[in-house]
Every structure is written in C-alpha cells, then in structure tokens.
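To start, the structure itself, in structure tokens.
The values are calculated or read from the model by the stated rules, or taken from the named source; none is laboratory data. Computed from a prediction, not measured in an experiment: that's the story for all the values here. Please note: Cβ atoms are built from the backbone with ideal geometry, for glycine as well, and neighbour counts cover all protein chains shown.
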Amino acid sequence: MKKNILITGGAGFIGSHLVRLFVNKYPDYRIINLDKLTYAGNLTNLKDLENSPNYVFEKVDICDFSAVQTVFAKYSIDGIIHLAAESHVDRSIKDPFSFARTNILGTLSLLQAAKEAWQTFDGKLFYHVSTDEVYGSLGKEGFFTETTPYQPHSPYSASKASSDHFVRAFHDTYGLPTVISNCSNNYGPYQFPEKLIPLFINNIINNKPLPVYGKGENVRDWLYVVDHARAIDVIFHSGKIGETYNIGGFNEWKNIDLIRLMIKVTDILLGRPEGTSEKLITFVTDRAGHDLRYAIDSNKLKNELGWEPSLQFEEGIEKTVRWYLDNSEWLNSVTSGAYQEYYKNYYSKI
Ligand code: NAD
Ligand code: TDX
C-alpha cells in the first residue's frame, strides 16, 4: 500500500461518504476507519465496502489514549482525517460533558498519539474536520471567512472551537503538520434522523409533527455531503500545511422556506396531494442560544485549490428525499430502540 490513512468517525454521516470516496478512488491507499460506533455510527452505512481489500475497521474510542496508540503501532499511519465527534447541537445542550470529552479530549488524544508515533513529520498530515459554527452567528449581511474571530455559542461549537485551538497549538508548538477545514451544514444520504433534514423527511413519511424552532427564521448554508467529501479530498492532497479552509455551498435557506420545499418534494414523491403535510408544521420553543445565520465564504478553497460544489440544491434535496424513501430499511433500523426512547416524551409534549 502506498499510504495508510486513518479516518476517524468513518461510520458516521460525513465519515462514511469520505471513506467510500477514498476506498474507491485510491485503491493503493489502505483506509483504516476508526470509530466507537456511538448511536450515530452505523456500519451498515459502509456495507458496500465490507469486502474491499484496502479497507479495515477498528472499533476504538478516540478518548482511549492507549487504544489509539495501539492503532498507530499496528499501522504505519501517514495521514489522519479526523471526523469522530459528538455532532448534534441539541444533545450538547442536554449533555455538554460528553461533547467536551469526545470533541476536546478525544482530539487531544489523537494529536498526542500522532506526535509520539511520527519519528519525522515529513509526508505526514493531521487533518481536522471542523464546523462553521465556531465563528458564532451572523446578522442579515456578511459571510464567515477564514479570519473571522471565533465566537462559539453552543456547547457543541465551543467544543469544536477548542479542538481547533488544540490542533493549531500542536502545529505552532511541536510543528505537527496540520490542516483544518470549517464546513457549513451538510445534507444527504445516511444522515442520522436527528438533524433537521432527515428528521423532517422521516416525520413527513410517518405523519408526525415537524417541530420548527422559534419562527423558523434562522438561516443555514447547505452543502451536499458528497461535495464536502470531495473538498476534504482536495484539501488533504493539495492544502497548505498550517492553513484553514472554509467549505460552503453559497446556498442559504431560511429554515421555514427549506421546510416548505421538503414538504413539497416529499409529498410529490409519496404521491400525496401537494401541501398535504403542511399541517404537520408545529412552531415550538426556540433552541437555547440559537444562532441566527451561518453563511460561508469558500472563495479561498475555490481560488487556491479549484473546488466548487457540484450539485444544485433543488436537485440535491430531491435526490436526498428519494434516498430516504428508497432506504426505509436503513431508516427503520436507525430509528428503532434507543431512538424511540430519546424522542418518546418530546412528541407527547408538542
Ligand atoms: P455523525 O454524528 O454522523 O458521526 C460521528 C461519528 O463519530 C459516528 O460514527 C460516531 O460513532 C463517531 N464517534 C463519536 N464519538 C466517538 C468516539 N469517542 N470515538 C470514536 N468515534 C466516535 O457526525 P457527522 O455529521 O458525520 O460529522 C462528522 C464531523 O464533521 C464532526 O466532526 C462534525 O463536527 C463535522 N461537521 C459536521 C457537519 C454537519 O453538517 N453534519 C458540518 C460541518 C462539520
Ligand atoms: O427539530 C428541529 N427543528 C428546527 O427548527 C431541528 C433538529 C433543527 N431545527 C433548526 C435548528 C437550525 O436552525 O434547523 C436548523 C438546522 O438544525 P440542525 O440540523 O440541528 O443543524 P445545526 O444546528 O445548524 O448544526 C449542523 O450544522 C453544523 C450540524 O448538526 C453540526 O454538526 C454542524 O457542525
């Protein structure tokens, strides 16, 4: 094998798309998927790769430093693309400790293991996959750039900001070759149905309420997950060490407009009369500390490395709804058991 690449969080939403891209595109790389398989990690996301000769799975918690060291000792790791994290803002409001543990201490454990394992830093790279939420919230105008000061508001974004700082600290203090990307909201197949888009598609299918936080006026910049994986590929291979790259779709949607579009597309594909599911819209108490608007300026990535999103949003959302309708087995399997327990009281209250 030409290279051993460790991808953490490869059984999650974005990680599974990235693992698939790398395993298929680079047959001479060994891709090691390291994942703890939390509620959000699911090996069925990677079923098609099970027998690929250049793919291996390691069930490891990134917070378990000695287990991480063992993985470094077992494979001669050339590069790490680190995605493993607790990723849902609402869960971070309920349980900030687990976000601090995984996102901060877990990242530190990987950084330290890499620093110790790598005799020389030549040809090595530690790539941290981060979020635009570290920059805080925008008003009606403007964009986040790579130089926007950090101003996280949720425990999730505070933990991701902290992990970004640790990555930069390892670069500045020890010379560890690092790169960071901060991406906007992703959507597409295999996203756990707790995030807005898959949660609402699942609820429309099942005629359940669509809980819109506040007045639905918050704005997010949506990017198709495969385009994010393509961006990571470009940055991993051509990004400059020590740099940060913003990744976004120049595709802003007010939540309520996006929800109405999802309803329209899903009703059509389900063969329901147009607008049938509008009645499911339920305005609920706003999320605490809810950031008003995210918008990413990804011109650095476009101008320096030539990356651009490939998919128009209307096309991407239809493709996504179709995928969830065609993959009811996957949807049913991830929404059984603990998932039902998690939402049990929620729907009885709204
Ligand atoms: P996800 O929740 O779908 O997947 C996270 C994965 O990490 C799961 O497979 C889970 O099992 C694994 N994991 C969690 N804790 C772990 C631990 N302690 N040890 C090992 N594995 C562990 O998340 P996602 O949406 O795919 O996000 C992936 C990364 O991208 C995260 O770092 C997130 O902050 C970042 N990001 C996400 C988005 C988005 O819109 N989803 C946008 C920008 C950045
Ligand atoms: O039930 C809901 N109702 C609702 O109105 C949910 C789950 C969300 N929302 C709103 C909150 C946000 O304004 O929809 C918007 C999107 O919410 P999420 O899907 O939870 O995403 P967000 O909070 O924006 O964070 C996401 O993007 C950045 C990911 O979860 C992060 O992991 C990523 O870093």
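Annotations for the structure displayed:
- N251 buried (at least 16 other Cβ atoms within 10 Å of the Cβ) and farther than 24 Å from Y347 by Cβ: yes
- Among the conditions (1) part of a helix (DSSP H, G or I); (2) more than 14 Å from ligand 2 (Cβ to nearest atom); (3) under 23 Å from I232 (Cβ atoms), Y127 misses just one, which is (1).
- Scanning the range 1-32 for residues that are without any contact (Cβ under 8 Å) to a residue 40 or more places away in the chain and more than 24 Å from W323 (Cα to Cα) returns K2, Y26, P27, D28, Y29, I31.
- Filter result for the condition that a residue is away from ligand 1 (no atom under 13 Å from the Cβ) and either surrounded by 15 or more Cβ atoms within 10 Å (Cβ to Cβ) or under 25 Å from G188 (Cα atoms) (or both), over V71, V60, V56: V56
- Qualifying residue in the range 101-118 (condition: away from ligand 2 (no atom under 16 Å from the Cβ) and outside any helix (DSSP H, G or I)): yes
- Being under 26 Å from A231 (Cβ atoms), within 16 Å of ligand 2 (Cβ to nearest atom) and assigned to a helix (DSSP H, G or I) is a condition met by no residue of the range 22-41.
- Every residue from the range 318-350 that is hydroxyl-bearing (S, T, Y) and part of a loop (DSSP other than H, G, I, E, B): T335, S336
- Index of the failed condition, G242 passing every other in (1) in contact (Cβ under 8 Å) with a residue 40 or more places away in the chain; (2) within 16 Å of ligand 1 (Cβ to nearest atom); (3) not polar (S, T, N, Q): (2)
- Taking the range 272-313 as the range and being part of a helix (DSSP H, G or I) and either away from ligand 2 (no atom under 16 Å from the Cβ) or under 18 Å from I232 (Cβ atoms) (or both) as the test, the residues that pass are T276, K279, N299, K300, L301, K302, N303, E304, L305.
- Members of the range 164-209 that are touching a helix residue (DSSP H, G or I) at 6+ places or on another chain (Cβ under 7 Å), surrounded by fewer than 19 Cβ atoms within 10 Å (Cβ to Cβ) and among the hydroxyl-bearing types (S, T, Y): Y174
- Checking E58, E86, E141 one by one, the residue that is free of Cβ contacts under 8 Å to residues at least 40 places away in the same chain and part of a loop (DSSP other than H, G, I, E, B) is E141 and no other.
- Filter result (buried (at least 24 other Cβ atoms within 10 Å of the Cβ) and either at positive phi or among the charged types (D, E, K, R) (or both)) within the range 1-42: G9, D35
- So F126, is it farther than 21 Å from F313 by Cα, in contact (Cβ under 8 Å) with a residue 24 or more places away in the chain and in contact with a strand residue (DSSP E or B) (Cβ under 6 Å, 6 or more places away or on another chain): yes
- Test: residue in the range 131-143 that is out of contact with any Lys or Arg (no Cβ under 8 Å at 6 or more places or on another chain), modelled with pLDDT of 95 or more and within 12 Å of ligand 2 (Cβ to nearest atom): yes
- Across the range 311-327, not a single residue is classified as modelled with pLDDT of 95 or more, touching a strand residue (DSSP E or B) at 6+ places or on another chain (Cβ under 8 Å) and closer than 23 Å to V134 by Cβ.
- Residue check for K115: modelled with pLDDT under 95 and of a type outside the set (V, I, T): no
- Every residue from the range 162-201 that is within 11 Å of ligand 2 (Cβ to nearest atom) and not in a strand (DSSP E or B): S184, Q191, F192, P193, E194, K195, L196, I197, P198, L199, F200
- Single match in I241, I268, I256 (criterion: surrounded by fewer than 17 Cβ atoms within 10 Å (Cβ to Cβ), in a loop (DSSP other than H, G, I, E, B) and not acidic (D, E)): I241
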